Amino acid sequence: YNLPEGVITDKEAVVGKYATADLKKGDYLFASKLTDTADSADEVFRTLDGTRQARSITIQSFAGGLSGKLKNGDIVSLIVYTNDEDEVIIPEALQYMRVITTTTANGFDKDELIPNEDGTYELPTTLSLLVTPMQSKLLAKYENAGKIHATLVYRGDADKAKEFLLKQDLILEELKIDEEESEKANEGEVDVNG
């Protein structure tokens, strides 16, 4: 049929799968455009098991939320500007985070948006992320102490996205070990004045 190499021609290979990209009538289907898991916010919420949580942060400016371009499943880094310390940092614990969804002021998630009469879309005002309890605390602290901006690190293949999340898990484990060692050292200190 003169089809490009790798095009899926077997209907059974597509049934029950979810699209990872916007599909149009007449598009060719490749394995990279399909996944076995749904990526909607509701589907992610159903996977929460206590080790991960969903946490929303306020998108404080148009640029801070990547101009409304973030999508479910994106991997982002968070840049934090702290008012008190007048510094800009990417905290180690917030380097690679998965976007669950963005939500508008009227409560519509990115995957639920319908265009306005003029063809434009309402812009998101919050960014929901998949986080650990430690990351959730940091986000609460930074959101109240300054401004948070999201930068897109990766969009695409789910397996590649998992690689970034595994890197973040390793960083979090190291930070947890460092924190525990610091607490033990503080417990061992003796008050010479008292």
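The values are calculated or read from the model by the stated rules, or taken from the named source; none is laboratory data. This structure is a prediction, so every number in the text was calculated from the model and none was measured. Note that each Cβ is placed from the backbone with ideal geometry, even for glycine, and that neighbours are counted across all protein chains shown. When the accessible area is computed, the model is the full protein with side chains, heavy atoms only, and any ligands, DNA or RNA have been set aside. Shrake-Rupley method; radii C 1.70, N 1.55, O 1.52, S 1.80 Å.
Assorted remarks:
- Single residue of region 21-38 satisfying the filter (part of a loop (DSSP other than H, G, I, E, B) and open to solvent by 80 Å² or more (accessible area, probe 1.4 Å)) that is modelled with the lowest pLDDT: Thr37
- In region 129-140, of all residues being open to solvent by 10 Å² or more (accessible area, probe 1.4 Å) and within 17 Å of Thr51 (Cβ to Cβ), the one that is nearest to the chain's Cα centre (by Cα) corresponds to Leu130.
- Some residue of region 98-105 being open to solvent by 80 Å² or more (accessible area, probe 1.4 Å) and not hydrophobic (A, V, I, L, M, F, W, C): no
- Residue check for Glu85: without any contact (Cβ under 8 Å) to a residue 40 or more places away in the chain, farther than 16 Å from Phe45 by Cβ and in contact with a helix residue (DSSP H, G or I) (Cβ under 9 Å, 6 or more places away or on another chain): yes
- Yes/no for Ala41 being modelled with pLDDT of 90 or more, within 12 Å of the chain's Cα centre (by Cα) and surrounded by 13 or more Cβ atoms within 10 Å (Cβ to Cβ): no
- Considering Ala54, Ala105, the condition of being in contact (Cβ under 8 Å) with a residue 60 or more places away in the chain and more than 21 Å from Gly156 (Cβ to Cβ) is satisfied by Ala54 alone.
- Subset tally (residues that are open to solvent by 70 Å² or more (accessible area, probe 1.4 Å) and among the polar types (S, T, N, Q)) for region 141-153: 1
- Verdict on Ser61 being in contact with a Leu (Cβ under 9 Å, 6 or more places away or on another chain), more than 15 Å from Val153 (Cβ to Cβ) and of a type in the set (Gly, Ala, Ser): no
- Only a single criterion out of (1) at pLDDT 85 or above; (2) open to solvent by less than 90 Å² (accessible area, probe 1.4 Å); (3) more than 14 Å from the chain's Cα centre (by Cα); (4) not acidic (Asp, Glu) is not satisfied by Gly156, namely (3).
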